[in-house]
Amino acid sequence: MIEKTGLNIVNLKAQRVNNFSKFNGNKAASPIQTKYYNLNSDNIINYYQGLHGIKTAKTIAFGQSLASAFRELNQQMVTCQDSSKGMKGEPVGSRVDVSRLVNVYSEDLPNVYDAIKTNIEVSKTGDSIVEARTQLKKVPNGILYEMAVRQPRKLDEKFDRDLPLKQHIEITQQPNITEKTYVLNTKGRLMAVVEDGDTVLLTNAGRFEKKSKDKSQTLEIKADENGNNFKAFVTSVPAVQKRYPKPSVGEGTEIVIGMEDGRFVPEIIDSIETFVKKVDNGEIVLDQFVANPDAKNTQLAMLAGGFGSRAEYTNASSDGIFHNVKDGAQSTKGVFRTATGLTPMETTFISLHKAGLLDCSKGKLEIGRNIKFYLNKSGINKGNGGFTVDLYNKMEREGRKSLTLFPNDSMSRLPNATKTMANIMNSGKAAIVMIAKEIKSDDAKGNFGIMKISENNEILEFAEKPKVIPAGYEKNGKCLTNTFQFSVSKEAFKALSILEPYFPIGEGKEPRDWSKTFVPILMSLTQKDNIDEITSDIVKIVEATEGSIPKEVVMDAKKTLGEQKIIAVPTNEPWADCGTLNALYHTTMQIASGAFPLEDFERKHVLDCINTQTGFVASTPEMKKAIEAKYDINGEIMAVKKAKKVKSNIVDDYIEKGYITINEKQ
């Protein structure tokens, strides 16, 4: 603008106070623009705009800052807590309720391009911080909410608005529209969310706009994530994947779904019930089951949680969240159905079927037969290790040599690795066998816990999210990460039970956790011979006092394990941790792009649920049709159903039928 008018900035700096009478006449000018002292380049341009009556954005003054409004209305951390049951509340995500901001502050933006601006903290790790410039702005077709996230800066450095963008999200809408809109912050990654009735639309790399001739119903979303490593859409889905042989039918084992008594339990049970019905009515058709000869030697278990400390909500408005209340429908990743028509939990069921461990054939898969439930109502939170020990003690069957654990929030097709894991465990040579996924070393840095293994695949060391890959962890540019799919021998459980009475239990401590305590303890017991050294390791791991764990007890635990080791099963089969909505979103995009192997019934479902031209992915063909009729879409958009409220007596019914084993208060 200055170059076009030929204005001399030096001369402009010499302009004095008498010219400000014209400047102040421009009501669109910011209050800061009236400060004629300390004229910098930005203020000079603003001053020039004022002189010539050029409309500019202004910062609206209202009772409290926008940052305070964010804290009050929108930045409350979502917690999973029930103090009466002793559950530990954990922050799992925050959200900006854009709908509420637009409704509350729209009248403070009387003129086009008026704006309310601030910087807010998105995440903080160590000595670095990620911040976002955010604003509400009056634009011709409504109110624009914008959040521009910068790359991390050091805490001792000043905020720099010229730093490259990490993410950028824009939501434009009129006040009081039917749909609710949010920006969800999950561990520093942002996602735009729209609640449209019972459907939730999510994106961080796409655009969609409500189809409406009535401008009062404007709703438009634009989102992009720089540095996105996930594959873009392709225009076709791969042909038939490699099939597995079909020898004679055998018998598998059973799986126990372990749940902490909480708000998601009915939804989880209902989700599995739906899967069984789909198998029975022929909607899900699998290869003929081929039993692993040692299937009956292991007890399968899946940890499905209950309150869900990692479950990030999409219906995250202040009136939609049920803080400290276990009843009420919620949107949780554990029961979301992807474009395959399956939840992550059900995808694991299919891997177990293909590995010969769980028979998911029509007429063979049945709740109460080979699917059972364990409900922990003790109200004692002792970590996932304690939960597993309790489950194992309650559900142990005669002749079982091990317990094999799976999470309910990973999307995986690991039949070969799962089969190998079962075979190694049944050989009696392992205390723990872990499936380890090969990932690129660059992807592992700062993101994944990795392991160092020997030539015979014994796990020697773990490194938790290292910024630099330590020596010995990398091979051919790849590292191994723990998938939390592992098998534990009955001897390992016995060794832990010998030691456990000597673990300190204090408020806030979780002495029974696999990654923090149990695995490090078992590694020391299986790798070292010096009892003094092992005892010292255990004391440090569980934060006990010196001398509180007798050496003879440690010796007894070691003797129980014999020569068993902790073994890894490296694999490059498809696996994705869907523990956050962002992870589930990107995995869904991989499925739609053909980067994930599918069964025949899944492939048909995917083809009916995706639009390869626009990038839209829905959970069902019906949802796809309904959303595309309402929105113009371009980019990676995922639509899922909210978790429905399940009949309240589903748990009681299953308890009465004997399908649920309960661990009552101790």
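Quick note: the coordinates plus some simple rules give every number you see, no bench work behind them. Values in this document were obtained by computation on a predicted structure and should not be read as measured data. Note that each Cβ is placed from the backbone with ideal geometry, even for glycine, and that neighbours are counted across all protein chains shown.
See the values below:
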item	result
Percent of beta bridges antiparallel (DSSP, region 414-573, rounded to nearest 5)	70
Contour minus Cα-Cα distance for Lys377 and Asp214 (0.36 nm per residue)	53.5 nm
Amide hydrogen neighbours beyond the local backbone of Gly252, cut-off 5 Å, H modeled	Asp359
Note, ³J(HN,Hα) from phi for region 598-609, Karplus 6.51, -1.76, 1.60, rounded to Hz, x at Gly and Pro	10, 6, 4, 5, 6, 4, 5, 4, 4, 4, 7, 10
By average C-beta atoms within 10 angstrom, highest first, the peptides 580-586, 271-277	580-586, 271-277
Prolate/oblate/rounded label for region 513-666 (Cα gyration tensor, a/c 1.5)	prolate
Net charge of Cβ neighbours under 13 Å - reference Lys445; Lys, Arg +1; Asp, Glu -1	0
FRET efficiency, Asn572 to Asp108 (Cβ-Cβ, R0 60 Å, nearest 0.05)	0.65
Karplus (6.51, -1.76, 1.60) ³J(HN,Hα), θ = phi - 60°, over region 576-581, in Hz, Gly and Pro reported as x	8, 6, 9, x, 10, 5
Cβ-derived FRET efficiency at R0 60 Å, Asn281 paired with Glu533, nearest 0.05	0.55
Under 10 Å, Cβ to Cβ, from Met147 - net charge with Lys/Arg +1 and Asp/Glu -1	-1
Distant-in-sequence amide H partners of Val122 (H built 1.01 Å from N, under 5 Å)	Val130, Glu131, Ala132
Extension gain (nm, one decimal) between Tyr502 and Asp162, 0.36 nm per residue minus Cα-Cα	116.9 nm
Listed pairs Lys494/Lys647; Lys429/Lys452; Lys166/Lys604; Lys445/Lys558; Lys445/Lys494; Lys137/Lys210 exceeding 29 Å between Cα atoms	Lys494/Lys647; Lys166/Lys604; Lys445/Lys558; Lys445/Lys494
